[in-house]
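Engineer: Could you have a look at this structure, given as structure tokens, before my questions?
The values are calculated or read from the model by the stated rules, or taken from the named source; none is laboratory data. Not measured: the values here are computed from a predicted model. Because the Cβ atoms are built from the backbone with ideal geometry, glycine has one as well, and the counts that use them run over all protein chains shown.
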Amino acid sequence: MANRSTFPEQIDSFVELFDLPPSKVAQAKRFQELKMKPTLNATEQTELNNLVISLGNYIITPETWNKFADALVNVETFFTQEVMEFIEAKQALWATYVNDFVHKGVYNTSTQYKFQNMVTYNGDLYLCTKDAKGIVPTNTANWQKISTKGDKGDVGLNTHYRGLYGATTAYVMGDAVSYNGNIFYCAKDTTAGTAPTNATYWFLFDKTIVSATAPTTPQQGLLWIELLD
């Protein structure tokens with residue numbers, strides 16, 4: 001039997017149905033009487049045809065229901081065969097994006113790079129926008145720079161924190177200790193008992209001090225902010 005639905009090529013239209021009004025009750029009863037007869041004469045058949053037209057918006061005919069059923073089956077078929085396959089294909093594609101979105105290390109001219117791979121080249125980070133092999137990352141047809149190597153920062157102090165100052169410990173250059181609430185940095189090797197108050201061997205790690213009492217070892221460049229009650 002031919003499919004009555006036009007989906008998915010077109011959107012189906014259906015008869016809009018309403019509740020049976022009191023004025024149509026008698027016609028509906030007559031319609032039922034005629035439908036229950038095993039045979040109809042010509043006059044009765046004509047009457048039934050007219051009732052079908054008159055009651056078209058108030059009864060569910062086999063034609064109306066079958067068209068709806070065909071449309072429902074078409075939607076299920078379309079979703080199963082088209083939509084699900086589309087989603088599964090997109091899931092597989094997305095999985096490759098996720099799996100390939102990895103850093104592959106320093107660029108190597110002999111390596112095959114895939115879309116979404118990342119490499120380091122001359123200190124900069126590049127993202128592969130199109131599969132590439134032997135194409136340097138500076139080529140914008142296949143690569144996109146996503147970060148640039150920053151300037152080298154200032155060299156900091158290479159300190160080794162040794163905890164609270166101990167009078168029995170000999171400290172070497174680079175050691176840092178806590179003493180009277182401040183951090184001191186050892187400028188040159190000491191012998192045991194050389195306290196951080198000795199500016200020849202120690203200097204304050206932080207030259208800005210906020211306290212109620214004066215620093216134990218005032219040194220050149222020190223900024224002391226006194227806390228007042």
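Engineer: With Arg30, Arg4 as the choices, which residue is in contact (Cβ under 8 Å) with a residue 40 or more places away in the chain and of a type outside the set (Ser, Thr, Tyr)? Talk me through it step by step, then tell me what you get.
Structural biologist: On the way: Arg30 fails: in contact (Cβ under 8 Å) with a residue 40 or more places away in the chain.
Just one listed residue meets the conditions, Arg4.
Engineer: Please count how many residues of segment 183-229 are at pLDDT 70 or above and closer than 22 Å to Thr159 by Cα.
Structural biologist: Of the residues in that region, 23 qualify.
Engineer: In segment 14-34, which residue that is exposed (fewer than 12 other Cβ atoms within 10 Å of the Cβ) and under 30 Å from Leu72 (Cα atoms) is nearest to the chain's Cα centre (by Cα)?
Structural biologist: Phe14
Engineer: While we're looking at this one, here's another question. For Met84, all conditions in the list (1) free of Cβ contacts under 8 Å to residues at least 12 places away in the same chain; (2) among the aliphatic types (A, V, I, L, M); (3) more than 30 Å from Ser5 (Cα to Cα); (4) loosely packed, with under 15 Cβ neighbours inside 10 Å hold save one; what is the number of the exception?
Structural biologist: Only one criterion is unmet by Met84, namely (3).
Engineer: Surrounded by 12 or more Cβ atoms within 10 Å (Cβ to Cβ), of a type in the set (Asp, Glu) and assigned to a loop (DSSP other than H, G, I, E, B) - does that describe any residue in segment 130-139?
Structural biologist: Yes, segment 130-139 contains a residue that is surrounded by 12 or more Cβ atoms within 10 Å (Cβ to Cβ), of a type in the set (Asp, Glu) and assigned to a loop (DSSP other than H, G, I, E, B).
Engineer: Looking at this structure, is Thr120 over 27 Å from Thr213 (Cα atoms) and either in contact with a helix residue (DSSP H, G or I) (Cβ under 9 Å, 6 or more places away or on another chain) or not in a loop (DSSP other than H, G, I, E, B) (or both)? Lay out the reasoning, then the answer.
Structural biologist: Details: over 27 Å from Thr213 (Cα atoms): yes; either in contact with a helix residue (DSSP H, G or I) (Cβ under 9 Å, 6 or more places away or on another chain) or not in a loop (DSSP other than H, G, I, E, B) (or both): yes.
Considered against the rule, which asks whether it is over 27 Å from Thr213 (Cα atoms) and either in contact with a helix residue (DSSP H, G or I) (Cβ under 9 Å, 6 or more places away or on another chain) or not in a loop (DSSP other than H, G, I, E, B) (or both), Thr120 comes out as yes.
Engineer: Which residues, counting only those in segment 116-129, are surrounded by 13 or more Cβ atoms within 10 Å (Cβ to Cβ) and over 26 Å from the mean Cα position of the chain (by Cα)?
Structural biologist: Keep residues of segment 116-129 that are surrounded by 13 or more Cβ atoms within 10 Å (Cβ to Cβ), which gives 116-121, 124-129.
Listed by number, the list holds a single entry, Tyr121.
Engineer: Taking the criterion of being touching a helix residue (DSSP H, G or I) at 6+ places or on another chain (Cβ under 7 Å) and either under 30 Å from Lys149 (Cβ atoms) or of a type outside the set (D, E, K, R) (or both), would at least one residue in segment 95-109 satisfy it? Break it down stepwise before answering.
Structural biologist: From segment 95-109, those touching a helix residue (DSSP H, G or I) at 6+ places or on another chain (Cβ under 7 Å) are none; that's our starting set.
The answer is no; no qualifying residue exists.
Engineer: I'd like to check which helices (runs of 4 or more DSSP H) are fully inside segment 1-103 and have at least 2 residues that are in contact with a Pro (Cβ under 9 Å, 6 or more places away or on another chain). Walk me through how you get there before you give the answer.
Structural biologist: Numbers: elements: 25-36, 42-54, 62-78, 84-100.
Hits in segment 1-103: 62-78.
Engineer: Can you tell which of Glu88, Glu16 is modelled with pLDDT under 90, within 30 Å of Leu127 (Cα to Cα) and not assigned by TED's automatic domain parsing to the domain that holds Asn117?
Structural biologist: Details: Glu16 fails: within 30 Å of Leu127 (Cα to Cα).
Checking each option against the conditions leaves just Glu88.
Engineer: Looking at segment 104-117 only, could you name the residues that are on the phi < 0 side of the Ramachandran plot and part of a strand (DSSP E or B)? Full working, then the answer.
Structural biologist: So the first thing to find is which residues in segment 104-117 are on the phi < 0 side of the Ramachandran plot, and the list is 104, 106-115, 117.
Residues satisfying the conditions are Lys104, Val106, Gln112, Tyr113.
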